[in-house]
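K.L.:
Handing you this structure, nothing more for now.
Readers should treat all values here as calculations from the given coordinates under stated rules, not as data from a laboratory. All of these numbers come straight from a predicted model, not from anything done at the bench. Here the Cβ positions follow ideal geometry from the backbone for every residue, glycine too, while neighbour counts run over all protein chains shown.
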Amino acid sequence: MKCARVELYISAMLDNELSLKDSIEAIEHIERCSACKAKWELNEETRAKLQYYISFVDVSNNLQHKINKTLGLSKQQYYFKPLIIAACTILILGLGLFVNDVFIQIPHLYKIHNNIDFQLISNDIELLSNHAGANLQKQHLSNFELAMFTPHGAVNFKRPFNKNYGLIALKNDKGQRISLCFLPKDYKSTLQSNKHEINGITVHHGQDKNYHFAYWQQNDKTIALISDSLTPVEMINLAGPLIYERRYTNENYEGV
Amino acid sequence: MLNWLKKLKFEKIVRGNLKNLMQLAYMKSKDRDLAEDLVQETCLKAYNAFLQLKPSEEIQNPKSWLFKILINTHIDYVRKKRFDTVEINSIDIEDKKDGISQIETSHFFKDLNGALNKLEPQYRVVIYLADVNQYSYIEISDMLGVSVSAVTSRLHRARQALRMLLTQSGYSQEYLSIGTKL
């Protein structure tokens with residue numbers, strides 16, 4: 001390849017616009033020819049220096065001001081920004097309330113039971129107490145422990161739970177699973193249920209196709225128990241400590 | 001879309017590309033005041049065009065879009081003979097930044113500045129687009145409204161001319177001699 005042709009190629013090669021075949025030929029020539037190599041290196045050097053040189057050309061405050069004034073941008077910027085932020089905040093809050101009130105449908109008990117998204121897996125007594133709205137002590141869960149129920153999953157594993165819906169998934173050594181759900185105070189199941197009064201607390205319990213359920217209101221929440229294999233009575237017996245808190249006695253729930 | 005929302009969007013585009021616009025305008029005119037006028041006019045044209053956009057339309061590459069408007073604006077200026085009487089001044093970037101002293105004391109930058117002053121505006125622009133912004137030849141051809149082969153040959157000639165002008169300076173001679181030794 002001759003110098004005249006290489007010179008034509010140098011520019012395109014610098015911009016990665018030359019074909020691979022021509023680039024290889026040009027590079028081979030440049031490596032041999034000191035004059036072409038000098039041209040190539042000067043082009044590269046100039047490009048680097050030009051980039052640095054042009055970086056000093058900046059926008060003056062005067063130009064910025066003129067543009068803002070001509071287009072009315074500065075006024076818009078300061079006038080609208082707080083308005084936009086305020087409008088967005090109201091919109092988000094409003095949407096949040098609207099969504100909470102209208103769009104969040106109370107899920108079916110069995111869906112809750114099988115939905116891991118609601119699960120709160122923990123043996124942290126303080127966390128459970130806060131969530132249940134009851135002052136639970138370790139001894140209140142003794143029946144669970146005696147019944148060989150252990151937290152499902154890792155010890156002290158916490159996950160954020162929904163403001164309105166919480167779920168503690170437990171299973172015993174036989175693999176029987178029970179879901180202890182925390183629902184809004186005004187929760188009412190659409191399923192047909194029986195009622196039992198236990199120490200002044202109305203417990204609703206019943207059976208659907210594949211599972212048994214029991215729920216009652218306690219403090220500002222509704223607590224529900226769901227299980228595939230345990231009967232409502234078994235569940236209520238297990239839930240005794242939660243229902244009666246410190247008022248729990250054997251006599252109170254044995255008659256259920 | 002509401003006009004004020006469009007304004008905000010446009011403002012974001014302009015703010016993000018204003019420095020590049022100023023650089024291109026400066027490479028076009030080599031005069032700071034004229035460059036500022038050119039940028040201002042470009043922003044106004046771009047703004048009006050932006051407001052006319054339909055909701056379904058979107059600017060794919062805002063920088064190229066603004067460059068294209070600036071190049072056309074410059075052509076309009078030239079046609080109106082507004083630039084005819086303008087002399088090519090020596091670089092007037094002294095008032096820009098403290099860092100400019102680095103350029104003043106650098107031999108190579110003096111050479112580069114002198115060479116750029118002597119270079120034709122169309123060569124300066126094509127070099128700026130390729131070397132600083134690293135646009136492809138297709139993109140440059142689109143912005144300048146010329147064919148790709150015209151861009152190729154223009155860039156070749158521009159670099160050849162710039163190299164020749166730089167070669168005339170002591171620094172470049174020294175550089176070239178080093179290159180020759182290698």
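K.L.:
Would you check which residues across region B:120-151 are among the aliphatic types (A, V, I, L, M) and within 11 Å of another protein chain (Cβ to nearest Cβ) and list them?
P.N.:
B:VAL126, B:ILE127, B:LEU129, B:ALA130, B:VAL132, B:ILE138, B:ILE140, B:VAL148, B:VAL151
K.L.:
Hey, can you tell me all the residues within region B:13-64 that are among the hydroxyl-bearing types (Ser, Thr, Tyr) and either within 11 Å of another protein chain (Cβ to nearest Cβ) or closer than 16 Å to A:ASP58 by Cα (or both)?
P.N.:
Listed by number, the residues that qualify are B:TYR26, B:SER29, B:THR42, B:TYR47.
K.L.:
Let me ask something else. Which one of the conditions (1) out of contact with any helix residue (DSSP H, G or I) (no Cβ under 6 Å at 6 or more places or on another chain); (2) in a loop (DSSP other than H, G, I, E, B) does A:LEU18 fail to meet, given that it meets all the rest?
P.N.:
Result: A:LEU18 fails condition (1) only.
K.L.:
Suppose we filter B:PHE67, B:PHE10 for residues that are touching a residue at least 60 places away in the same chain (Cβ under 8 Å) and among the aromatic types (Phe, Trp, Tyr); which single one remains?
P.N.:
B:PHE67
K.L.:
Counting just the residues of region A:1-15 that are among the aliphatic types (A, V, I, L, M) and either in contact (Cβ under 8 Å) with a residue 40 or more places away in the chain or at the interface with chain B (Cβ under 10 Å from one of its Cβ atoms) (or both), which one comes out surrounded by the most Cβ atoms within 10 Å (Cβ to Cβ)?
P.N.:
A:ILE10
K.L.:
Restricting to region A:16-47, what's the tally of residues that are within 10 Å of another protein chain (Cβ to nearest Cβ), more than 24 Å from B:ILE140 (Cα to Cα) and exposed (fewer than 15 other Cβ atoms within 10 Å of the Cβ)?
P.N.:
Of the residues in that region, 2 qualify.
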